[in-house]
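Colleague: Got a structure for you, written out below as structure tokens; questions coming shortly.
The values are calculated or read from the model by the stated rules, or taken from the named source; none is laboratory data. Small disclaimer: the values here were computed from a predicted structure and weren't measured. Here the Cβ positions follow ideal geometry from the backbone for every residue, glycine too, while neighbour counts run over all protein chains shown. What goes into the accessible areas is simple: the full protein's heavy atoms, side chains included, and nothing from ligands, DNA or RNA. Shrake-Rupley method; radii C 1.70, N 1.55, O 1.52, S 1.80 Å.
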Amino acid sequence: MAEREFKLPDLGEGLTDGEVVRWLVAEGDTIELNQPIVEVETAKAVVEIPAPYGGTVVKLHAAEGESLDVGAPLISVDTAGGASAPAAAQAGVAVAAEPDPEPAQELQATLVGPGERQQVRRRRIGGHTRSANGPATTTPGPAAQRPRATPPVRRYAKDRGVDLAALVGTGRDGRITREDVDGALDGAQDGARDGARPAAAAVTPAARQPRDRGEERIPVRGTRRQIAAAMTASAFSIPHVTEFLTVDATRLMELRERLRALPTAGGLKLTPLAVVARALCAAVRSYPLMNSSWDEAAGDIVVKCRVNLGIATDTPTGLLVPNIKDADTLGILDLSRELTRLTALARERKAAPADLTGGTITITNVGGFGVETGTPIINKPECAILATGLIAPRPWVVDGQLAVRQLMTTSVSFDHRIVDGAYAAQFLAHLRDLLEDPALLSAF
């Protein structure tokens with residue numbers, strides 16, 4: 001017996017642990033080199049880890065739902081007589097974001113080897129994975145397509161006895177959502193009340209019982225644990241101050257309509273947030289301390305010379321903040337394209353670690369949820385975060401006359417160690433001027 005122990009690899013920048021979502025193999029199974037063996041959820045993505053060598057699975061060192069630190073034992077394999085290859089020692093372990101089950105999809109992979117990390121493009125075609133660095137390797141395809149759902153939805157359905165394989169997803173790209181699970185539960189209960197046969201194909205007997213009216217304990221893992229740690233660190237280490245200002249966004253909305261009519265904007269989902277993003281990048285040129293950070297160890301204020309604009313994004317597993325690199329060099333249409341691309345990647349848990357790190361200032365659009373304003377928490381170690389509220393028609397005085405205008409409430413939370421209230425107020429007033437007369441943006 002030649003037993004080899006494979007440890008949980010480094011899954012990306014700043015990530016120290018991962019949660020086992022689903023084992024794709026069992027003890028006693030024969031596996032091949034590069035065969036997917038487990039899905040692991042981190043604070044940033046769901047990754048599929050392939051076998052670093054072939055052989056027979058001797059032991060799975062963690063149960064589904066259990067968290068492991070990087071470097072902890074993950075799986076033990078008997079490589080005697082198997083198609084083993086010291087891939088982990090030679091080229092590292094390929095780690096990719098959660099794959100789409102469709103064939104011929106390109107995936108970003110990170111190769112982690114001794115003393116090196118390099119990005120490659122990998123392309124999965126049926127059961128083959130081809131890398132730009134070498135020949136294709138064969139991995140067995142799945143016996144049946146797995147229902148598409150995020151780990152929290154899978155756990156939610158499992159706890160309630162709902163079989164995901166019997167549901168039709170209504171989410172993006174056919175993903176099963178929490179609402180789909182609730183719909184299956186409601187359908188079963190309605191059918192039972194009407195005396196009709198419920199949709200039992202999707203709901204097990206446990207799910208047909210009345211819903212628990214007590215309490216539910218939800219383990220804090222993965223993204224939620226990361227969010228909790230980040231929010232606590234920010235709230236209790238940064239002296240937050242928030243200022244508010246109402247903006248007449250009538251001309252902003254008019255500009256958006258004119259941009260939508262441009263041939264170059266064909267098919268582009270252009271939202272007011274793209275105009276706000278452009279105005280924010282312009283405003284920090286005049287108030288650069290808003291685009292800075294506090295270096296506690298050195299006792300310095302670090303002013304950033306580039307704007308990596310964070311976009312707070314609501315995802316099925318919690319808040320993620322991808323950032324647009326060098327946002328200050330982009331026009332409104334290009335900002336809109338980047339907004340759409342990065343928020344989609346974040347919601348699908350396919351954003352790379354580089355997309356989620358290195359931000360310098362952040363926008364959160366609470367108006368997208370019908371909220372007028374908020375007091376956002378700073379994305380540490382940044383200095384400031386801007387919140388934009390709902391844009392809606394309201395009465396407003398213009399040139400001494402009462403008129404109906406498109407109004408929006410903005411707020412900015414800032415680190416009072418770095419800037420004073422007057423500086424932040426001047427920044428917010430300057431941003432308001434740019435939003436109320438967006439023609440001024442052409443000067444920046």
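Colleague: When you scan the range 386-404, do you find a residue that is assigned to a strand (DSSP E or B), polar (S, T, N, Q) and crowded, with 19+ Cβ neighbours inside 10 Å, even just one?
Modeller: So the first thing to find is which residues in the range 386-404 are assigned to a strand (DSSP E or B), and the list is 386-388, 392-398, 401-404.
Filter again for polar (S, T, N, Q), leaving 388, 401.
Imposing the further condition that a residue be crowded, with 19+ Cβ neighbours inside 10 Å reduces the set to 388.
Looking for residues that are assigned to a strand (DSSP E or B), polar (S, T, N, Q) and crowded, with 19+ Cβ neighbours inside 10 Å, one finds at least one in the range 386-404, hence yes.
Colleague: Name the single residue, out of those in the range 238-270 being hydroxyl-bearing (Ser, Thr, Tyr) and modelled with pLDDT of 95 or more, that is surrounded by the most Cβ atoms within 10 Å (Cβ to Cβ).
Modeller: Among them, the one singled out is THR250.
Colleague: When you scan the range 353-373, how many residues do you find that are open to solvent by 40 Å² or more (accessible area, probe 1.4 Å) and under 24 Å from SER293 (Cα atoms)? Steps first, answer last, please.
Modeller: At the first step, the residues of the range 353-373 found to be open to solvent by 40 Å² or more (accessible area, probe 1.4 Å) are 354, 357-358, 365, 368-373.
This time we only want the ones that are under 24 Å from SER293 (Cα atoms), so: 354, 357-358, 365.
Total meeting the criteria: 4.
Colleague: Right, another one. Could you list, in sequence order, the residues of the range 331-347 that are without any contact (Cβ under 8 Å) to a residue 40 or more places away in the chain and either touching a strand residue (DSSP E or B) at 6+ places or on another chain (Cβ under 6 Å) or buried (at least 17 other Cβ atoms within 10 Å of the Cβ) (or both)?
Modeller: Residues satisfying the conditions are GLU338, LEU342, THR343, LEU345, ALA346.
Colleague: Somewhere in the range 142-160, is a residue at pLDDT below 75, within 30 Å of THR30 (Cα to Cα) and among the hydroxyl-bearing types (Ser, Thr, Tyr)?
Modeller: yes
Colleague: So ARG4 ticks every box in (1) out of contact with any Pro (no Cβ under 6 Å at 6 or more places or on another chain); (2) modelled with pLDDT under 85; (3) open to solvent by 60 Å² or more (accessible area, probe 1.4 Å) but one. Which box is left unticked?
Modeller: Only one criterion in (1) out of contact with any Pro (no Cβ under 6 Å at 6 or more places or on another chain); (2) modelled with pLDDT under 85; (3) open to solvent by 60 Å² or more (accessible area, probe 1.4 Å) is unmet by ARG4, namely (2).
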